[in-house]
Amino acid sequence: MRHDDTTTTEHPVLGSPARRLLTHSAVRNGLAAATVTAVGLLAVYTVDDFTVGSVAMLTAYACVAMGLTVLIGGNGQISLGHAALMAVGAYTMALFLEPRTTALREVPVLSVALALVLAVLVTLCVGLLIGLAAARLRGPYLAGATLSFGVAVPGLVTYFDHWFNGEQGLPVPPPDMPTALDNALWLPDRFVALIGVVAVGVTFFVLANVKRSAVGRHWAAVRDDEIAAQLCGLSIPREQVTAFAVSAATAGLGGAVLALFLQGVNPHSFDLRLSLGVLAAVVIGGLGSLRGAIWGSALVVFLQKVLADMDVDENLPSASYGLLLIVVMLAAPGGIQGLLSRLGDRLPRRSTHHQGDN
Amino acid sequence: MNRTLRSRASRAWARTATGIATTVTIAVTTTACGGAGGGSESAPGVTGDTIKIGSTQPLTGPVAPGYAKMSKAMAAYFNYVNDNGGVHGRSIDFVVEDDGYNPTKTAEKTRKLVLKDKVFALVGAFGTAPHTAVLDFIRQNKVPDLFPSSGSVSWNQPDIYPDTFGWQTDYIREGKVLASYVKENFAGKTVCAFGQGDDLGADGVKGVETVLGKDGLKASEAYTATNPDVKAQIGKLQASGCEVVVSFSSPGFTALALGTSAKLGFKAQWVVVSIGSDPVGLTGYLKDDAAALTNGLISSTFLPLPTDADNSWIKLFTTINNEYNEEQGLDSIVLYGYALAYSAVEALQAAGKDLTREGLLKVLGSGDLVGPGLTPFAFSADDHSGFIGTAMTRITDLKAEIISPVYVTDDGDGPVEKYDGVAPQAPKGGISK
């Protein structure tokens, strides 16, 4: 399995040009994030009331997938339990917003913003704890451990039902929209999609820069060769735990956006199928690539939509991800983004360079 | 100057190119999903000759085996209405979306029904947990939400959810009736509760405690609908020495509880909520042991019993079922579907030829609906609960029979009283005027 390789593509010894490049890449990441946000906003403003729901779902998926792609492609750890981390973010959101609900069952936008930040922080902490356990495990054992976490969380939620209201879950009140949007006859779904697009933009910008920072390089070094990284003075567990925590934080954000869209949280929403869906998005998009994660999310959400309209067996979406994964692994190990980069590289001149970075 | 720079340039170009490609594709994808057309009439979903109504139902998933037949019965009744002149000349276009009893899917499917299919109203949307998840969405979109298939008291919140109206006797009311029957007939026995870990269990136990008092229940155990193992809960009930168990459980879990009790040698009088005691449903789960395990089981009903062949409603629905839904027998779930569909058509008929959403809500709030139940509805401007009581039943040899008068009560702490009124008869032709 090939990973994208930002560490090796830049000249290691160039002093000041390297610094310039870093600033340069920050600017470029900013531009890329702005482009992603702009496309998202365009979608939010133009599509109809029904489709805007898909946009909101897409943004939730994309947040999680970007974090997961950094974890898998950037640090070499796997997680089959990201849906549970999304649940952590979503439940944080619900518990924080419930007491702030007005008589009209709405919450002020500021509370929503605070809740999003809180969801990220809480999931970050949970991610730290799980990361500590995960850092001791490798390969299938890590997959198994995260999988059991993913299965355990819905169980815990139903066990402590006086806090989480069991299977029925908790309501998440919609945000009280700014008057201008209210006047423009926006429904909450559209506003949530807007929030989701901003969340995706911010996540993209942060992760793209983290990947190119020293931290991201340490993660990649650990991924490529743990012994070599250790010889360079890196602490393997520390790099793995931070990577897991950051990845968890974005999952929390994605979960919070999803909860905001669904206007409620319950254990059913965060089952194994969601984890697998996000994983599929990451692999189909191209492991380690942030843009690929967005591509993959778009494809997965689109597939769900199409298959749901066809009224086929409810397991077909999951089956189709599996099939797609096999096809992608065989035909285009770099995923969608890998294909696009190869295409892009080929047009101006033949280049032996790698798949794209972000 | 050198290769590094040039390849850097080409990579930058590649990035730009992929950026543009991303932009275009996302834009195309998102717009391609959309573009659903809709009528431009004043009332969405209503044309000169059709009314489009929708429902989310569990056609697949954990509860599908017991409940998939309900929406088929609803569809059968609507087809019957359509073949007999429709509602003021309009035929009913009934769109059923499968949500697999998963609230996330319910959220998506309800959005599809309301925003894409543009239904005029929702009818009989299934399940407490799934439908609770879309109440806010329904309020935001001002869609009449008739008769969710569940007895949660959440449907009766007219201040917050003015568009939602309950139908089935709610679980608080039913809990109160069950408890007062137990209090009268099993005085001095140790009473316990067993219930589903959502509003079904919570509201039901609340009703029971209203009658028996806060300490009236020796033990109260909840199960999770996704975990088909109730040994721990039944074991605790047994250890607490329960002699009467009031159970707020779906048919599958009633069967599971009865079977587990038998295995553990736990003998108690089970008093089960109406929706969890259908003998046909229980037989499906318990097979050969069904008769032995369900004998003497006490339950209640807010509709006439499907086995009561002399009842005008049962006659009507049996006739329709034989013609429009022939491979399916008329059990209590199927009857539920017919009765609910009848009530929906009754409301639509009463809303008149100039059908609007406001008009429909007004009719529902007027309290004029009669319905096919044993009791009247509670409907008024500030009460959106449905039927107001039930009659007790007992199962003997897999046949339920009514063993008490009809009791009515409120969803607060009012008394449980005998109902003296007469249950309405089915109208000639089977469609409300």
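The values are calculated or read from the model by the stated rules, or taken from the named source; none is laboratory data. Keep in mind that this is a model prediction, so the values were computed, not measured. Heads up, the Cβs are rebuilt from the backbone with ideal geometry, glycines too, and the neighbour counts pull from every protein chain shown.
Screening B:Lys362 with (1) surrounded by 23 or more Cβ atoms within 10 Å (Cβ to Cβ); (2) under 24 Å from B:Pro148 (Cβ atoms) gives one miss only, at (1).
Can you tell me which residues in the range B:250-293 are among the β-branched types (Val, Ile, Thr) and more than 19 Å from B:Pro228 (Cβ to Cβ)?
Matches in the range B:250-293: B:Val271, B:Val280.
The number of residues in the range A:255-273 being buried (at least 24 other Cβ atoms within 10 Å of the Cβ), part of a helix (DSSP H, G or I) and within 14 Å of chain B (Cβ to nearest Cβ) comes to 11. Looking at (1) more than 14 Å from chain B (Cβ to nearest Cβ); (2) touching a residue at least 12 places away in the same chain (Cβ under 8 Å); (3) not in a loop (DSSP other than H, G, I, E, B), which one does A:Arg136 not meet, given that it meets all the others? Failed condition: (3). Annotation: A:Leu21 fulfils all but one of (1) within 9 Å of chain B (Cβ to nearest Cβ); (2) at pLDDT 80 or above; the unmet one is (2). Considering the range A:306-358, and only residues there that are surrounded by fewer than 19 Cβ atoms within 10 Å (Cβ to Cβ) and β-branched (Val, Ile, Thr), the residue that is modelled with the lowest pLDDT turns out to be A:Thr352. Taking the range B:202-224 as the range and being of a type in the set (A, V, I, L, M, F, W, C) and assigned to a loop (DSSP other than H, G, I, E, B) as the test, the residues that pass are B:Leu217, B:Ala219. Taking each residue of the range B:142-168 that is more than 14 Å from every other protein chain (Cβ to nearest Cβ) and free of Cβ contacts under 8 Å to residues at least 60 places away in the same chain and looking for partners that are buried (at least 21 other Cβ atoms within 10 Å of the Cβ) and part of a loop (DSSP other than H, G, I, E, B) with beta-carbon atoms closer than 8 Å, six or more apart or interchain, yields B:Asp145/B:Ala125; B:Asp145/B:Asp163.
Taking the numbered list (1) within 11 Å of chain B (Cβ to nearest Cβ); (2) touching a residue at least 40 places away in the same chain (Cβ under 8 Å) in turn, A:Ala308 passes all entries but (2). Taken together, the residues in the range B:413-426 that are free of Cβ contacts under 8 Å to residues at least 24 places away in the same chain and assigned to a loop (DSSP other than H, G, I, E, B) amount to 4. Only one residue in B:Ala107, B:Ala129 is out of contact with any strand residue (DSSP E or B) (no Cβ under 8 Å at 6 or more places or on another chain) and within 11 Å of chain A (Cβ to nearest Cβ). Which one? Of B:Ala107, B:Ala129, the one residue that is out of contact with any strand residue (DSSP E or B) (no Cβ under 8 Å at 6 or more places or on another chain) and within 11 Å of chain A (Cβ to nearest Cβ) is B:Ala129. Going through the range B:176-224 one residue at a time, which ones are charged (D, E, K, R), closer than 17 Å to B:Gly414 by Cα and touching a Ser or Thr at 6+ places or on another chain (Cβ under 8 Å)? Once the filter is applied, which keeps residues that are charged (D, E, K, R), closer than 17 Å to B:Gly414 by Cα and touching a Ser or Thr at 6+ places or on another chain (Cβ under 8 Å), the range B:176-224 yields B:Lys176, B:Asp203.
Within the range B:250-273, the set of residues being within 16 Å of the chain's Cα centre (by Cα) and under 19 Å from B:Phe186 (Cβ atoms) comprises B:Val273 only.
For the range A:146-165, the candidate set comprises residues that are under 20 Å from A:Arg273 (Cβ atoms) and at the interface with chain B (Cβ under 9 Å from one of its Cβ atoms); within that set, the residue that is farthest from the chain's Cα centre (by Cα) is A:Thr158.
Applying the condition of being modelled with pLDDT under 90 and over 27 Å from A:Val172 (Cβ atoms) to the range A:100-140 and asking which residue is surrounded by the most Cβ atoms within 10 Å (Cβ to Cβ) yields A:Ala134. Checking each residue of the range A:80-100 against the condition of being under 27 Å from B:Ser154 (Cα atoms), charged (D, E, K, R), touching a helix residue (DSSP H, G or I) at 6+ places or on another chain (Cβ under 9 Å) and within 14 Å of another protein chain (Cβ to nearest Cβ) gives no match.
A quick yes/no check of all residues on (1) within 13 Å of another protein chain (Cβ to nearest Cβ); (2) out of contact with any Cys (no Cβ under 9 Å at 6 or more places or on another chain); (3) more than 19 Å from A:Arg291 (Cα to Cα):
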residue: A:Ala184; (1), (2), (3): no, yes, yes
residue: A:Asp189; (1), (2), (3): yes, yes, yes
residue: A:Ala199; (1), (2), (3): no, no, no
residue: A:Thr203; (1), (2), (3): no, no, no
residue: A:Leu207; (1), (2), (3): no, yes, no
residue: A:Val210; (1), (2), (3): no, yes, no
residue: A:Ala214; (1), (2), (3): no, yes, yes
residue: A:Arg217; (1), (2), (3): no, yes, no
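If I ask for residues that are buried (at least 16 other Cβ atoms within 10 Å of the Cβ) and in contact with a strand residue (DSSP E or B) (Cβ under 9 Å, 6 or more places away or on another chain), which ones from the range B:292-306 would you list?
B:Thr294, B:Leu297, B:Ile298, B:Ser299, B:Ser300, B:Thr301, B:Phe302, B:Leu303, B:Pro304, B:Leu305, B:Pro306
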